[in-house]
Structure formats: structure tokens, C-alpha cells
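Input: a single structure, listed below in C-alpha cells.
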Amino acid sequence: MEAIKFVIAGHVDHGKSTLIGRLLFDTDSLPPDKIEEIRKASENLGRETQFAYLLDYLEEERRQGITIETTQVFFKSGGKEYVIIDAPGHVEFVKNMVTGASHAQAAVLIIDANEGIKEQTKRHAYIVSLLGINQLIVVVNKMDLRNFSKKAFDLVKKDTEKFLEGIGTPASVYVPISALKGENITGKSKKMAWYDGPAFLEALGTLKNKKHGENKPLIFPVQDVYKIKDKRIAAGRLEAGIIKKGQSIKILPHNRITRVKSIEKHPCQVDKATPGESIGIVTQDSVFLNRGDIVCEKGKEPLFADSFKANIFWLSKHDFHKNQKLVLRCATQETACRLEKIEKRIDSSTLEIIEENSSRLRNLEVGEVLIRVKKPIAVKRFGDVQELGRFVLVKDENTCAGGIITSLA
Ligand code: GDP
């Protein structure tokens with residue numbers, strides 16, 4: 001069983017850390033520093049354990065300098081496993097989300113009952129919608145400060161509903177809570193008898209662990225190649241389709257054909273793998289795979305495109321001016337690119353269109369853009385295959401924007 005990954009988004013001080021602490025406490029889970037300790041200990045154990053960790057996509061993101069200080073917080077409840085992908089601050093959250101590095105399947109929006117939905121929360125919600133994450137739970141926190149009043153809850157709910165509908169990502173449920181006092185977290189609060197919905201952990205229990213893309217053509221971007229004993233193992237995350245032992249595969253961009261000799265999934269071998277799994281494959285002939293290669297099936301290759309439409313979120317403090325040169329990274333591919341058109345500049349908090357056919361983008365703005373890459377790369381619409389549909393834009397080794405591909409030109 002795979003854990004359900006989610007992010008908690010919200011304005012600073014609205015109670016994210018308290019909620020995480022409360023979840024860990026109420027579910028008797030391991031504190032995050034213990035997990036880090038275990039990870040460090042295994043890293044010292046040598047190559048083969050390290051291999052398992054290198055297969056962790058977070059390592060890959062870290063190396064690309066995309067994720068900064070993301071922690072994974074684990075807990076179990078009602079027979080399900082959960083991982084909270086946590087970034088310490090607003091900037092880190094935005095960066096982590098926009099680059100898709102969190103791989104979150106759901107989001108929890110936390111809103112202070114006293115303050116209501118604030119600008120930062122709106123921006124976070126916007127990003128969640130931009131990334132196509134459509135499982136959303138809203139918790140209205142600090143209800144103790146509002147005497148657990150239904151009226152206070154309804155007010156925040158109404159406002160938030162309006163905003164979320166505007167961005168096309170309605171929440172499945174609104175839960176009034178007090179993270180501090182532990183009300184409506186593990187079980188129904190007696191202090192809010194007027195509320196007839198689920199407690200927070202029950203609401204989490206309704207989230208689906210979405211396995212996308214089993215029926216899609218195979219896509220396996222190679223992150224790294226390791227030599228362990230006499231094996232050459234191409235490691236990465238299976239992004240779409242199913243890969244089976246013995247199956248014929250094609251390797252892009254060199255168009256070489258070979259077969260899968262074995263599939264390694266630490267600590268053993270498996271006969272097949274499904275999307276989302278981190279694996280290593282060994283090929284039959286002495287076909288050498290390299291970082292950046294894409295394994296697919298003959299006749300079902302992904303499209304190589306040199307331009308596409310995308311929504312990007314401008315992270316950099318420096319404005320973007322048209323014709324600035326950038327580097328685009330998509331899965332393990334990298335190429336120079338230009339933003340040929342900025343069709344719309346959008347304020348990510350108010351959702352207002354600032355300008356059409358613009359020549360610039362500023363910090364925290366969303367752009368609907370047309371991108372032209374120098375070297376054609378394998379891409380997909382984000383809705384089809386996430387990993388080939390999301391990218392980051394880099395300038396001088398700094399990530400300045402993240403985005404998703406909305407259509408192939
Ligand atoms: P974060 O910045 O979103 O991580 O917010 P924190 O979890 O650090 O909480 C900010 C402040 O709000 C702290 O002083 C918390 O004790 C307080 N707080 C969090 N949740 C509640 C709550 O349910 N009720 C009350 N009264 N205070 C809360």
C-alpha cells in the first residue's frame with residue numbers, strides 16, 4: 001500500500017505547525033527528526049542502501065536544486081499511511097509546489113477562523129489548482145477563539161467557497177477545528193455539535209490514492225545509471241504505463257531497441273512495476289542507458305516538440321523581460337528556451353488579468369505563455385503525464401519559474 005501524500009497550505013500563523021504536531025501526537029507517530037536520523041544512519045551503511053535512497057525522487061529534486069528544505073512527515077491512521085510534504089515558509093512552499101517537486105495528491109488548506117482567507121492562502125490555493133490537484137480539504141482553525149460558533153465558521157466557509165469556485169477547485173469538505181485543543185481532529189467535537197460533517201482524520205480517510213496512467217503508453221525517464229557489482233542499473237521513477245520483465249523497450253533519443261532483463265525494486269527484484277514506483281532496470285543487450293534518456297515502447301513514443309503552451313508561476317524576485325534566455329528542465333531533460341509570447345499576466349492572489357500580450361512577468365505572477373525550446377524534447381500535457389508535463393525555468397542555476405504544459409502547439 002502506498003502512502004497518500006498531501007501538503008498543508010495556508011497563511012503564516014494560521015496553525016499549520018500546530019496541526020502537524022497534533023496529527024503526530026494523536027496518531028502516536030514518529031517525530032520528523034527521528035526519520036532524518038534513520039535516513040542519515042542508512043546513508044552511512046554504504047552503496048547499496050544509498051542506492052535505495054537515491055531512488056527516492058526527493059534526492060533527485062534536491063540535486064537539481066529545486067526542493068529546499070522539504071521535510072516529509074509520516075503518520076498512520078485508520079489503516080492508511082500518510083505523508084505530509086512540508087516546506088518551512090511561504091517562498092519554499094510556492095517553490096516546492098510550483099516545481100511539482102512535492103508530488104502531492106491532495107492539499108489541505110488551513111484558515112484561521114479569526115482572520116479568514118488571506119492573500120497568501122489564495123496564492124497557495126491557486127498553485128494547487130494550477131497543478132491539477134483536485135482533492136482539497138479546508139480546515140477552519142482556532143475555532144476555540146470564536147467560541148466554536150457556527151456563524152463564524154459559516155462566514156469563513158462562504159468566502160473561501162467563492163474563491164475556490166473561481167479557480168475551479170472546490171473543496172470536498174470544510175472542517176471546523178481547533179488544532180491546539182484537539183477538537184474535530186481524531187473524532188467529532190462535542191463543542192461543535194452543530195457540525196454534521198467528518199472530523200479531520202475521517203476527512204483525510206476519504207482521499208484517494210490516485211494511480212494515474214497505468215493504461216497509458218510506457219514512460220520511464222532515466223535519472224541515473226549505477227554500477228552495482230556487475231550490473232548496470234538505470235534508475236528512475238516510472239511515470240506512465242506498466243513495465244514488465246522481458247518486455248521490448250525503445251530508448252530515446254537514440255532510438256535503440258532492447259529488452260528488460262530485470263526490474264530492481266530495493267531490496268529485491270520484481271516482475272512488473274506501475275506508475276509512481278521508483279525502480280531500476282537492467283537491459284538485456286549491452287545497450288547503455290544514460291541520464292536523460294527516456295524508455296518507452298516502439299510505436300507509442302512520446303511526442304518531441306519544440307514549442308508548447310504553458311502556465312508558469314514566476315518565482316524570481318527579478319522581473320522577466322521578453323527575449324531573456326532561460327534553461328528549461330523537464331523530467332531529466334534540459335534545453336535552452338525562450339518565452340515567445342506572454343498571452344496573459346495574472347495576479348495569483350486576486351486572479352485579475354494584469355495585462356494581455358505582455359512582455360514581462362513579475363514576482364508571484366502567473367503567465368499564460370508560449371514557450372519555444374532550442375532542442376526538441378519529449379513532452380506531454382500535464383493532464384496526461386505529470387512528469388513530462390511539468391518543468392522549471394532556470395537562469396544562472398536559479399529556479400525562476402515553474403510551470404505546467406497546457407497544450408502542445
Ligand atoms: P504556522 O505558522 O501556520 O505553522 O502556525 P503555528 O502552528 O505556529 O501557530 C501560530 C500560533 O497560533 C501559535 O501561537 C499557536 O499556538 C496558535 N494556534 C494554532 N492553532 C491554534 C488553535 O487551534 N487555537 C488557538 N487558540 N491557537 C492556535
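The values are calculated or read from the model by the stated rules, or taken from the named source; none is laboratory data. A quick note: this is a predicted structure, and the numbers were derived from the prediction, not measured. Virtual Cβ from ideal backbone geometry, glycine too; neighbours counted across all protein chains shown. Please note that ligands, DNA and RNA were not included when accessible areas were found on the heavy atoms of the full protein model with its side chains. Shrake-Rupley method; radii C 1.70, N 1.55, O 1.52, S 1.80 Å.
Let's see how each residue does on (1) surrounded by 21 or more Cβ atoms within 10 Å (Cβ to Cβ); (2) assigned to a strand (DSSP E or B); (3) touching a strand residue (DSSP E or B) at 6+ places or on another chain (Cβ under 6 Å):
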position: Ile117; (1), (2), (3): yes, no, yes
position: Val139; (1), (2), (3): yes, yes, yes
position: Leu155; (1), (2), (3): no, no, no
position: Pro170; (1), (2), (3): no, no, no
position: Val175; (1), (2), (3): yes, yes, yes
position: Lys188; (1), (2), (3): no, no, no
position: Asp196; (1), (2), (3): no, no, no
position: Lys216; (1), (2), (3): no, no, yes
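Among the listed residues Ile346, Ile353, Ile342, Ile312, which satisfies the condition of being within 30 Å of Lys118 (Cβ to Cβ) and touching a Ser or Thr at 6+ places or on another chain (Cβ under 6 Å)?
After applying the criteria, what remains is Ile342.
Counting only residues that are at pLDDT below 85 and within 16 Å of the ligand (Cβ to nearest atom), give me the helices (runs of 4 or more DSSP H) lying completely in the range 1-112 with at least 2 of them.
Result: 16-26, 90-98.
Based on this model, can you work out whether Ile249 counts as in contact with a Cys (Cβ under 9 Å, 6 or more places away or on another chain), open to solvent by less than 70 Å² (accessible area, probe 1.4 Å) and in contact (Cβ under 8 Å) with a residue 40 or more places away in the chain?
Yes; evaluated as a whole, the condition is true for this residue.
In the range 190-204, which residue that is under 18 Å from Lys157 (Cα atoms) and within 16 Å of the ligand (Cβ to nearest atom) is nearest to the chain's Cα centre (by Cα)?
Phe200
List the residue pairs whose Cβ atoms are under 6 Å apart, where the first residue sits in the range 108-126 and is within 20 Å of Ala179 (Cα to Cα), the second is acidic (Asp, Glu), and the two are 6 or more positions apart or on different chains.
Gly116/Asp159; Ile117/Asp159
Can Val128 be described as open to solvent by less than 20 Å² (accessible area, probe 1.4 Å) and within 15 Å of the ligand (Cβ to nearest atom)?
Against the criterion (open to solvent by less than 20 Å² (accessible area, probe 1.4 Å) and within 15 Å of the ligand (Cβ to nearest atom)), Val128 does not qualify.
I'm trying to understand the selection: among the residues of the range 342-352, which are over 16 Å from Ile167 (Cα atoms) and buried (at least 17 other Cβ atoms within 10 Å of the Cβ)?
Ile342 - this is the single residue of the range 342-352 that is over 16 Å from Ile167 (Cα atoms) and buried (at least 17 other Cβ atoms within 10 Å of the Cβ).
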